[in-house]
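Please treat every number below as a calculation from the coordinates, not as lab data. Quantities reported herein were computed from a predicted structural model and do not represent experimental measurements. Every residue, glycine as well, gets a Cβ built from its backbone with ideal geometry; the counts of neighbours run over all protein chains shown.
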Amino acid sequence: MRRWLAVVLSLAASTCGGSAPTSPSGSGGGTGDPTITITSAGVAPTSMTVTQGTRVLFINNDTHSHDMASNPHPEHTDCIELNQVGFLDPGQSRESGNLNTVRTCGYHDHADPDNPKWHGQIIVH
Ligand SMILES: [Cu+2]
């Protein structure tokens, strides 16, 4: 009777210890980066608000490549962190840098800069 209890307790302890190494799996972002998806219909959402220091993930779900860059075109100087997204092949995704400045960051597709489908804004607050 006593021996059985000891076995059960040691099993419970080893199970608990074994699961511990898998728990620090968070990538530091909690629920993950805010995401902008590019499709043939355009960028979505066209406007989003994020807190200062956030990175934004751009996903190209279109069948064409896109070259995402900060406004204004062609200088790309408003929010240089967005220029890190750059060229995205179909299916590719990439994060911006940390948006550390409180301002509105407009962006566009540098390869098709006048097409409003590829225009969006990120409000950093
Ligand atoms: Cu441009």
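With just the Cα atoms of segment 27-125, tell me how far they stretch along each of the three principal axes, in Å, largest first.
31, 28, 19
With Cβ to Cβ distances under 15 Å as the rule, what net charge do the other residues near S70 carry (K, R +1; D, E -1)? Intermediate values should be presented prior to the final figure.
Numbers: positive: R55, R94, R103; negative: D67, E75, D78, E81, E95, D109.
After counting each charged neighbour, the total is -3.
Excluding N98 itself, what net charge comes from residues whose Cβ is under 12 Å from its Cβ, given Lys and Arg +1 and Asp and Glu -1? Kindly include the intermediate steps, with their values, before the conclusion.
On the way: positive: R55; negative: D33, E81, E95.
Around N98, the surrounding residues sum to -2.
Using the Cβ atoms and a cut-off under 14 Å, what net charge is assigned to the surroundings of H119, where Lys and Arg are +1 and Asp and Glu are -1? Let's see the in-between values first.
On the way: positive: K117; negative: D67, D78, D109, D112, D114.
Summing Lys/Arg as +1 and Asp/Glu as -1 gives -4.
Arranged from highest to lowest average of other beta-carbon atoms within 10 Å per residue, in what order do the peptides 50-57, 77-84 appear?
Values: 50-57: 15.5, 77-84: 17.9.
Output ranking for 50-57, 77-84: 77-84, 50-57.
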